[in-house]
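Everything below concerns the one structure shown next.
The values are calculated or read from the model by the stated rules, or taken from the named source; none is laboratory data. Note that this is a predicted model, so its numbers are computed, not measured. So basically every Cβ, Gly included, is an ideal-geometry build from the backbone, and we count neighbours across all protein chains shown. Ligands, DNA and RNA are stripped out before the accessible areas are found, and what is left, the full protein with its side chains, is counted by its heavy atoms. Shrake-Rupley method; radii C 1.70, N 1.55, O 1.52, S 1.80 Å.
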Amino acid sequence: MDYKNIQTICPYCGCGCALNLEVIDGEIVGVLPANDHPVSQGSLCIKGWNAHAFVGHEDRLKKPLIRKNGQLEEVSWNEALKLVAKNLGSIQKKHGADSIGVLTSAKCTNEENYLLQKFARAVIGTNNVDHCARL
Amino acid sequence: MELIQIQEDFEPKVVAFLCNWCSYAGADNAGISRLQSPANILPIRVMCSGRVSPEMIFRAFRSGADGVMVLGCHIGDCHYINANHRTVKRMPLLKNLLGYVGINPERFTLDWVSSAEAPKFARVTKSFVNTVRELGPIAAEMSVEPIFVTDELVNLAAEELVGV
Amino acid sequence: MITEIRDKVAEQLEKLDGIVALRSTEDGAAPYLFQQGDNLEELVMNPRYPLSKTASKLQKRFKDAKLGVVARGCDVRALVEMAKRNQIDPDRLVVIGVTCTSEEAEFCFCAEPAPNLDQWSGSTLIGEPVPGAPPNPIVAEYAQIPYAERWAFWKAQFTKCHKCFGCRDICPVCFCEACALEDPLWVEPGLLAPDFPMYHLIKAQHMTTRCVGCRQCEMACPADIPLTVLYDLVRQDVAELIGYVPGADINEMPPFTLTLADAAIESDLVY
């Protein structure tokens, strides 16, 4: 029997609201606002209020999948990355670097987003970089 | 001048929730007896006035009804013995709530009409439609400009919230 | 007072499986289930969280556990309403009631800052009860405001709502599994600042016989909508028309479940 709240930052947008994840026996069951946090001051939007829902969701993607013969099959990260690299390379050769765009995410950290834009500019060679928080 | 013209032409839309066991039959009876009742009434047959949830009434207003009536069986005559006891408790609260958000509570009425009371059906519908006609279209009432932060009322509300 | 609460919690923990209270960590304070062996120096009273809701959640999860809860006046009122609606089992709950200060009562416009523990066996009250604070001045003056102005006022307020559902999620007496506010039939999804405030009207109507005036909804609202003005008004009506005060008596059933024979009302429509 164990119940605690673990404070974390909302994974959705760049605002950085704090939220408390309610944990019962190691399972995340709900969200409470963080009333004394200086950023959100106890406020949350609908995404923050439901930030616990995706963690244990059955539809959540946990392993890379590749469609083989019309069926999605679980594959290793190596195989998945190889396929992506091969296809991106062939598209770049055939249609030019600007035929590729990169979408980054507010759910990633700053550093991950930096890496992705570096990848787009230095490796692929395009300025087509966009971000979901830039709506 | 133009506004007055509109008011004179105005025919209100009134949604009436009628209980299957009494007021709906009462409305039928009024028709059979050739009693005039206004054509502004849009009847919705429900199995009991206790079945009319507040959500339904709000939705009627959202859909553009100028007035809403709930007509049920007299207390003690309910087909489901005591379901309209809930109605008589719930509806006055709802009527006041409408007033609190600024919808004139006169636009809502609750009354009892049994299946034998065709003249009463004609009377209450006629008088309610007349009341709503005098109040004018609900759209005009709702299209007022919102009072934002500058108003002292909202400042009062803000004062109440600050000071955590 | 806080040491008194900690001592009481330590004493009760010997008899109970756990006590729901606020725990302060370096991140901030949040609800926590204190058990034997936990550091009670971390137990705090502020900021406010709906601990009654947490207690209900834990009771449903741990069906045999005997729990305690450190509760303010509003929490105890919420527990009463929840017990009536089978959301909490009063026999498996011990309440450690804590009175609010008069400043806290004034901030909440709370008429009953001291928890009423008459109906909670094995419960204790900590702190000196303070008198109730005067009601919200807006509520008192509301009758003088014309309808058009009321609509304009609420229109401005409800326009700010971005449907976070926070007021529902934080509310200790909102627990339905099928919520009318999530039903596209009543509240249109994907529409912000709708012309007609279905969400808030339905919420207010559902609050009539439940709202215990804990103000959690208002504190959780990111748009600072003065929701409790509306809920206070409907609460007044319930007291006047039906004579029912939410959270007052654990044996008094919710009025909409009763017939007129069990709970008569005065109305022109009853004859």
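Does C:Cys214 satisfy the condition of being within 14 Å of chain A (Cβ to nearest Cβ) and over 13 Å from the mean Cα position of the chain (by Cα)? Against the criterion (within 14 Å of chain A (Cβ to nearest Cβ) and over 13 Å from the mean Cα position of the chain (by Cα)), C:Cys214 does not qualify. Among the residues of the range B:90-122, those identified as within 30 Å of C:Phe256 (Cβ to Cβ), more than 9 Å from chain C (Cβ to nearest Cβ) and over 13 Å from the mean Cα position of the chain (by Cα) are B:Val113, B:Ser114, B:Ser115, B:Ala116, B:Glu117, B:Lys120, B:Phe121.
On the stretch given as the range C:130-167, residues that are more than 7 Å from every other protein chain (Cβ to nearest Cβ) and β-branched (Val, Ile, Thr) total 3. Among the criteria (1) closer than 14 Å to B:Asn96 by Cα; (2) open to solvent by 20 Å² or more (accessible area, probe 1.4 Å), the one C:Gly243 does not fulfil is (1). With respect to (1) modelled with pLDDT of 90 or more; (2) open to solvent by 20 Å² or more (accessible area, probe 1.4 Å); (3) within 30 Å of B:His74 (Cβ to Cβ), the lone exception for C:Pro222 is condition (3).
Within the range B:79-89, being open to solvent by less than 30 Å² (accessible area, probe 1.4 Å), of a type outside the set (S, T, N, Q) and either within 15 Å of the chain's Cα centre (by Cα) or more than 7 Å from chain C (Cβ to nearest Cβ) (or both) holds for B:Ala83, B:Val88.
For the range A:53-62, the criterion of being within 14 Å of another protein chain (Cβ to nearest Cβ) and either among the hydrophobic types (A, V, I, L, M, F, W, C) or open to solvent by less than 40 Å² (accessible area, probe 1.4 Å) (or both) is met by at least one residue. Tallying residues that are surrounded by fewer than 16 Cβ atoms within 10 Å (Cβ to Cβ) and farther than 16 Å from B:Ala60 by Cα within the range B:132-141 yields 2. Among the helices (runs of 4 or more DSSP H) confined to the range B:1-88, the ones with at least 2 residues that are in contact (Cβ under 8 Å) with a residue 60 or more places away in the chain and in contact with a strand residue (DSSP E or B) (Cβ under 8 Å, 6 or more places away or on another chain) are located at B:23-32. From the residues in the range C:170-190 that are open to solvent by 40 Å² or more (accessible area, probe 1.4 Å) and away from chain B (no Cβ under 11 Å), which one is farthest from A:Pro33 (Cα to Cα)? For the range C:170-190, the residue satisfying everything is C:Pro184.
Residues are listed down the side, and each one gets a yes or a no for (1) within 19 Å of C:Met219 (Cα to Cα); (2) at the interface with another protein chain (Cβ under 8 Å from one of its Cβ atoms); (3) at pLDDT 90 or above; (4) touching a helix residue (DSSP H, G or I) at 6+ places or on another chain (Cβ under 7 Å):
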{"residue": "C:Leu16", "(1), (2), (3), (4)": "no, no, yes, no"}
{"residue": "C:Leu22", "(1), (2), (3), (4)": "yes, no, yes, no"}
{"residue": "C:Asp27", "(1), (2), (3), (4)": "no, yes, no, no"}
{"residue": "C:Pro50", "(1), (2), (3), (4)": "yes, no, yes, yes"}
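Restricting B:Gly76, B:Gly64 to residues that are under 13 Å from the mean Cα position of the chain (by Cα) and surrounded by fewer than 17 Cβ atoms within 10 Å (Cβ to Cβ) narrows the list to B:Gly64. More than 14 Å from chain A (Cβ to nearest Cβ) and of a type in the set (S, T, N, Q), is that true of C:Gln59? Taking the combined requirement at face value, the residue does not satisfy it. Strands (runs of 3 or more DSSP E) fully within the range C:62-139 that include at least 1 residues being in the same structural domain as C:Val9 (by TED's automatic domain parsing) and under 28 Å from A:Val23 (Cα atoms): C:67-71, C:93-98.
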